[in-house]
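Comments concern the structure below.
The values are calculated or read from the model by the stated rules, or taken from the named source; none is laboratory data. Given the structure is predicted, the values throughout are model-derived calculations rather than measurements. Cβ placement follows ideal geometry from the backbone for every residue including glycine, while neighbour counts extend to all protein chains displayed.
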Amino acid sequence: MGVKEMVFEFIETESQKQELEESLTLLEVQEGAQMPALQEAQRIYGYLPIEILERISCKLQIPVEELYSTATFYSQFSFVPKGKFTISVCMGTACYVKGAGDILDSYAQELNIKPGETTADRKFTLESCRCIGACGLAPVLTVNEEVYGRLTKKKGDKVLVTYQKMEDE
Ligand code: FES
């Protein structure tokens, strides 16, 4: 996804703004401030919005394109915010042979996003992951820290409805 394609509305709190400002003030006098600045921004905001890359660029006198290309190189950085609920479908062998692919597809269809994406309302992020060590319960998915096993399409649908309702309350 390119810098110009990001569609999420950027929202920040006063304390996030202040925290980043303080970090950048400390970093602007240091050599090699690029990585630490990106790491600080990722830690504070949970992702790297374009507005923040521009702010870092301005403060540290580093072109936005350079910050962007550094950040795309490392998997620790993300350009999209995570949803309130991260659904992670295990695609390890044991889960895969028991139909995890169908469950992932069905979630993608239901949420209208691809794995790795977040819904526009930031409620859900859909991911696939490797074995989480619960193969006896395959196929398995997690929603944030919660583990759901022995999934069927029906059970998977129920899990999603539970979180959709939870968010509406
Ligand atoms: S393969 Fe899914 S939990 Fe091990």
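Here are the numbers for this structure:
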| read-out | value |
| --- | --- |
| The stretch 66-92: number of residues that are free of Cβ contacts under 8 Å to residues at least 40 places away in the same chain and of a type outside the set (A, V, I, L, M, F, W, C) | 8 |
| Residue in the stretch 57-72 that is of a type in the set (S, T, N, Q) and modelled with pLDDT under 90 present | no |
| Any hit, the stretch 105-118, residues being within 11 Å of the ligand (Cβ to nearest atom) and hydrophobic (A, V, I, L, M, F, W, C) | no |
| Looking only at the stretch 132-163, and only at residues there that are hydroxyl-bearing (Ser, Thr, Tyr) and over 12 Å from LYS98 (Cβ atoms), the one that is nearest to the ligand (Cβ to nearest atom) | THR142 |
| Hits in the stretch 62-95 (condition: buried (at least 18 other Cβ atoms within 10 Å of the Cβ) and within 16 Å of the ligand (Cβ to nearest atom)) | ILE87, SER88, VAL89, CYS90, MET91, GLY92, CYS95 |
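Results for (1) in contact with a helix residue (DSSP H, G or I) (Cβ under 8 Å, 6 or more places away or on another chain); (2) among the aliphatic types (A, V, I, L, M), shown as yes or no for each residue.
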| position | (1), (2) |
| --- | --- |
| LEU20 | yes, yes |
| LEU48 | yes, yes |
| ILE52 | yes, yes |
| LYS59 | yes, no |
| VAL64 | yes, yes |
| GLU117 | no, no |
| ASP121 | no, no |
| ILE132 | no, yes |
